[in-house]
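Data first, discussion second: the structure below is written as C-alpha cells.
The values are calculated or read from the model by the stated rules, or taken from the named source; none is laboratory data. A quick note: this is a predicted structure, and the numbers were derived from the prediction, not measured. Every residue, glycine as well, gets a Cβ built from its backbone with ideal geometry; the counts of neighbours run over all protein chains shown.
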Amino acid sequence: MSNKTDCGNKSSPQILDATLREGEQQAGVRFSSQDKIKILHLLEEFQIDCVEVGHPGISPEDEQICLEVAQAARSTQILMHARANVEEIQAAKRAKADWVGIWASVNHLATETKFVNRNKEYISQKIQAAIAEAKKLDLKVRFTIEDASRTVWDDIEWVTEIALIAGAERISLADTVGILEPSTCQSLVSRFVNTFDCELEVHLHNDFGLAVANALVAIDAGASVVDTSILGIGERTGITDLLQLAVILHQKRGEKRFPLEQIPKLAHAVQLVTNYQPDELRPVVGKNAFTHTSKYHVQAVERNPNSYEAYPPELVGRVRRIEKQRSPVDRHTVIELVEKWNNAHSQTVLDLRT
C-alpha cells in the first residue's frame, strides 16, 4: 500500500507546487534531475501534498528526468504535465506519474494560434481521447482550461462537462496571462463551484502582481487546490509564491501545517540552481523584509517588535536587522564626487551645477 497522501478531497485548501515544471519555464532556468529531487524532498518536508515535476512528453530526456524524480518521491503525489495528446499521456505513465495534468485552450485565441483551421469538435475529440487514455492507464486526471480568464463562460461550461464525463477528477482554471483581479477571480471561482460538483484548482499568473491576492479570494470562494512555486518563479513574471501564501495562510487563515522556519532553506535551494535573486523588498524573503532604519521605528521595535512587524522574523527562519539611517548626501558632495571621477577618467560628464 502506498504511503503517499492524496492531493485532493481535504477540508482545507491544498497546495500543488509547480516549481519543477512552471519554474522551469522561467527564462534561463533548466533543472537537472538532481536539482529536482533535492527540491522535491524539501517540498515534502514542507508538507506539500502534490508536486508537478515536469512535462515528460517533450523529449526522452525530460521523460527520464521525470521518472527519476517520481521514483525519488517519499510521501507526495506526483503530477506530470501533458497536452491533450495520447502519446504524452503514455509518456507520463512510463515516467510513473500518479496524476496527469492534461491541458487545452478553447477560446478564440486558441483557434487562431494553436488549433488553426480546427473546430470545437476536433478539440473535444482530442480532450476525450487523452482523458480516456489516462483512465485506461489508471492515472488520475486534472484537466486544465488554459487561458480560462479570457474564455467565455459558455465555453468553460462546455469543455468542463466534456472533461468530467470523460473521467477527469479535477478541473483547473488557469489565469494564463494574469489578468484576473480579486473581484473577477472571486466571481469566476464562485460561479464554477456553484455549477459543478468537482474539485477546482486554480493556476494564477502574476503579470499584474495579483497572484497571491487572487489565490486568497479563490480559496475563500471554494477552490480546492492552488498552484504555487517557490519564490513565485515561472513563465514571464511567475505564479503564486508558495512562501508568501504559506505565511498568509498561517497568519490569516489559521493554517498551521507548514513548517515556516524552513522557508530560507527552500528559497536558497531555488536561488542556487536558478541564479534568481529576489528583490530586497520582497515579502518574507527579501533582504529588507525585517530591517528597521528610521530611528523612531527602531525605538519602538526595541520596546515591542509588534509595533512595526506584521509577524516575527523568527516565524520564517529570519532575524531582525537594525540598520543605522544614513545621512542625506548633499548636492555639493555629489558634485565633488563627479568631478573627482571626471578628472580620474579624463571624460566629460554632465555639469551638475546647471
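In region 18-44, the residues that are under 15 Å from E61 (Cβ atoms) form Cβ pairs under 8 Å with partners that are of a type in the set (G, A, S) and assigned to a helix (DSSP H, G or I), at six or more places apart or across chains, as follows: F31/G23. One residue stands out in region 278-299 among those that are modelled with pLDDT of 95 or more and among the polar types (S, T, N, Q): the one that is surrounded by the most Cβ atoms within 10 Å (Cβ to Cβ), namely T291. Taking the criterion of being on the phi > 0 side of the Ramachandran plot and under 17 Å from the mean Cα position of the chain (by Cα), the residues of region 216-271 that qualify are L231, G232, G234, R236, G238.
Each row is one residue, and each column tells you yes or no for (1) assigned by TED's automatic domain parsing to the domain that holds L188; (2) more than 22 Å from F31 (Cβ to Cβ).
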residue: A223; (1), (2): yes, yes
residue: S229; (1), (2): yes, no
residue: D241; (1), (2): yes, no
residue: K252; (1), (2): yes, yes
residue: L260; (1), (2): yes, yes
residue: K265; (1), (2): yes, no
residue: H297; (1), (2): no, yes
residue: E314; (1), (2): no, yes
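Name the pairs whose Cβ atoms lie under 6 Å apart, with the first residue in region 178-202 and under 20 Å from C50 (Cβ atoms), the second exposed (fewer than 15 other Cβ atoms within 10 Å of the Cβ), and 6 or more positions between them or separate chains? That search, which allows pairs on different chains as well, returns V193/G222. Would it be correct to say that D62 is within 30 Å of P264 (Cα to Cα) and free of Cβ contacts under 8 Å to residues at least 24 places away in the same chain? It is true that D62 is within 30 Å of P264 (Cα to Cα) and free of Cβ contacts under 8 Å to residues at least 24 places away in the same chain. Scanning region 251-271 for residues that are assigned to a loop (DSSP other than H, G, I, E, B) and in contact (Cβ under 8 Å) with a residue 24 or more places away in the chain yields E255, R257, F258, P259. If you go through region 150-169 and keep only what is aliphatic (A, V, I, L, M) and outside any helix (DSSP H, G or I), you end up with V152, A168.
Checking each residue in region 139-183 for being of a type in the set (F, W, Y) and more than 23 Å from M80 (Cβ to Cβ) picks out W153, W158.
Taking the criterion of being farther than 17 Å from I239 by Cα and either surrounded by 23 or more Cβ atoms within 10 Å (Cβ to Cβ) or among the charged types (D, E, K, R) (or both), the residues of region 23-39 that qualify are R30, D35, K36, K38, I39. Residues in region 317-354 that are β-branched (V, I, T), more than 30 Å from K265 (Cβ to Cβ) and modelled with pLDDT of 75 or more were compared, and the one that is nearest to the chain's Cα centre (by Cα) is V338. Looking only at residues of region 104-149 that are assigned to a strand (DSSP E or B) and not hydroxyl-bearing (S, T, Y), we find that the one that is surrounded by the fewest Cβ atoms within 10 Å (Cβ to Cβ) is K140. G28 meets the conditions (1) farther than 18 Å from I263 by Cβ; (2) assigned to a helix (DSSP H, G or I) in every case but one. The failed one is (2). Cβ-Cβ contacts under 7 Å between residues 6 or more apart (or on different chains), taken from a first residue in region 159-170 that is closer than 13 Å to A130 by Cα and in the same structural domain as K140 (by TED's automatic domain parsing) to a second residue that is among the hydroxyl-bearing types (S, T, Y) and part of a helix (DSSP H, G or I), are listed as I162/S124.
Which of the residues belonging to region 272-315 are touching a residue at least 60 places away in the same chain (Cβ under 8 Å), over 21 Å from the mean Cα position of the chain (by Cα) and more than 21 Å from A211 (Cβ to Cβ)? L315 - this is the single residue of region 272-315 that is touching a residue at least 60 places away in the same chain (Cβ under 8 Å), over 21 Å from the mean Cα position of the chain (by Cα) and more than 21 Å from A211 (Cβ to Cβ). Considering only residues of region 188-232 that are surrounded by fewer than 19 Cβ atoms within 10 Å (Cβ to Cβ) and charged (D, E, K, R), which is nearest to I171 (Cα to Cα)? Here the answer is D197.
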